[in-house]
Amino acid sequence: MNTSNKKELPKHIAIIMDGNGRWASERGLNRTAGHEEGAKVVRKITNHCNNIGIKYLTLYAFSTENWSRPKLEIEFLMKLLEKYLKNELHIYLDNNVRFKAIGDISRFSKSLQEIIKKTENATKNASGLTQILALNYGSQDEILRAIKRLNEQDLEVTKQNFENCLDTSGIVDVDVLIRTSGEIRLSNYLLWQNAYAEMFFVNTFWPEFTTNELDDIISDYQNRERRFGGI
Ligand code: IPE
Ligand code: IPE
Ligand code: MG
């Protein structure tokens with residue numbers, strides 16, 4: 001193996017930001033307080049990834065399965081997302097961060113869809129980090145939508161054509177997958193794109209996840225040997 005590659009930074013980090021609810025419950029707070037605190041950590045981790053030169057950071061914010069939560073929690077999450085994106089636009093622009101959404105946003109309110117599109121458009125020429133939010137995202141849903149697109153365009157079924165039809169078209173596969181809160185499962189997240197990801201499951205609840213913990217994971221990644229089926 002080429003050892004000079006060993007110290008390379010991951011290009012693409014994907015995070016399952018889990019444990020907001022349990023973090024809040026442990027403190028006798030409403031689950032929504034955990035989501036609010038979690039949003040602050042999104043900002044911190046995004047800035048850090050941008051500063052150290054990561055190209056893609058994909059964050060699982062709302063899954064296709066999360067619609068099964070109580071209506072009030074869903075409403076809170078939708079409002080929080082809208083508020084977050086409105087606040088964030090100037091921060092993205094100041095920091096040269098590009099924003100992109102993956103998932104089927106057509107199920108969201110018109111106003112939320114508009115702010116998502118507006119933020120994507122306003123930041124589309126940024127050359128720093130691309131922050132990708134997975135919104136009403138489920139990997140199985142994404143794969144089915146990709147197959148429909150392939151069919152509609154009458155394209156031959158090849159790896160390249162298929163990947164071009166995924167929501168993550170043009171984005172390199174995941175190098176580092178992190179899940180917080182101690183759960184060890186993928187929960188329908190980037191099943192195709194995680195094919196060769198190095199995986200890290202940490203016990204920290206998302207609202208307590210720090211840049212130091214991320215740096216430790218990156219160092220650990222840099223010392224892992226990725227063989228991709230070779231020897
Ligand atoms: C992750 O935290 C955030 C979302 C899924 C929106 P959870 O809300 O799943 O928190 P726990 O897992 O119940 O603690
Ligand atoms: C995954 O977390 C989805 C997000 C982080 C947005 P969940 O808390 O919804 O996953 P499960 O239900 O524990 O698998
Ligand atoms: Mg959870």
Checklist outcome for this item: Cβ pairs under 6 Å, 6+ apart or interchain, first in the range 19-32 and within 15 Å of Ser181 (Cα to Cα) and more than 7 Å from ligand 1 (Cβ to nearest atom), second modelled with pLDDT of 95 or more and in a helix (DSSP H, G or I), ordered by first then second residue, are Ala24/Arg31; Ala24/Ala33; Ala24/Gly34
Checklist entry - Among Leu81, Leu89, which is the only one that is in contact (Cβ under 8 Å) with a residue 12 or more places away in the chain and crowded, with 20+ Cβ neighbours inside 10 Å? => result Leu81
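Let me confirm something: among Tyr196, Tyr189, which residue is among the hydroxyl-bearing types (Ser, Thr, Tyr), farther than 19 Å from Ile54 by Cα, at pLDDT 95 or above and not in a helix (DSSP H, G or I)?
Tyr189
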Checklist outcome for this item: Checking Ala39, Ala24 in turn, the sole residue that is more than 23 Å from Gly138 (Cβ to Cβ), within 16 Å of ligand 2 (Cβ to nearest atom) and assigned to a helix (DSSP H, G or I) turns out to be Ala24
Item to check | Flag for Arg179 being within 16 Å of ligand 3 (Cβ to nearest atom), among the basic types (Lys, Arg) and either within 24 Å of Glu8 (Cβ to Cβ) or at pLDDT below 95 (or both) | outcome: yes
Checklist entry - Taking the range 32-43 as the region of interest, how many residues are basic (Lys, Arg) and crowded, with 18+ Cβ neighbours inside 10 Å? => result 0
Checklist entry - Does the range 133-171 hold any residues that are more than 16 Å from Leu191 (Cα to Cα) and charged (D, E, K, R), and which are they? => result Lys148, Arg149, Glu152, Asp154, Glu156
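Any residue at all in the range 140-149 that's hydrophobic (A, V, I, L, M, F, W, C) and buried (at least 20 other Cβ atoms within 10 Å of the Cβ)?
Among the residues of the range 140-149, at least one is hydrophobic (A, V, I, L, M, F, W, C) and buried (at least 20 other Cβ atoms within 10 Å of the Cβ), which makes the answer yes.
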Checklist entry - Quick one: what pairs do we get from the range 133-150, first residue under 20 Å from Tyr56 (Cα atoms), second assigned to a strand (DSSP E or B) and more than 16 Å from ligand 3 (Cβ to nearest atom), C-beta under 6 Å, 6+ apart or different chains? => result Leu133/Ala101; Ala134/Ile102; Leu135/Ala101; Tyr137/Ile102
Checklist entry - Inside the range 96-138, can you point out the residues that are assigned to a helix (DSSP H, G or I) and surrounded by fewer than 16 Cβ atoms within 10 Å (Cβ to Cβ)? => result Ser106, Arg107, Lys110, Ser111, Gln113, Glu114, Lys117, Lys118, Glu120, Asn121, Ala122
Checklist entry - Counting only residues that are surrounded by fewer than 15 Cβ atoms within 10 Å (Cβ to Cβ) and farther than 25 Å from Gln140 by Cβ, which one in the range 44-74 is nearest to ligand 1 (Cβ to nearest atom)? => result Leu72
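The values are calculated or read from the model by the stated rules, or taken from the named source; none is laboratory data. Remember, it's a predicted structure, so these values are computed and weren't measured experimentally. FYI the Cβ positions are ideal-geometry reconstructions off the backbone, even for glycines, and counts take in every protein chain you see.
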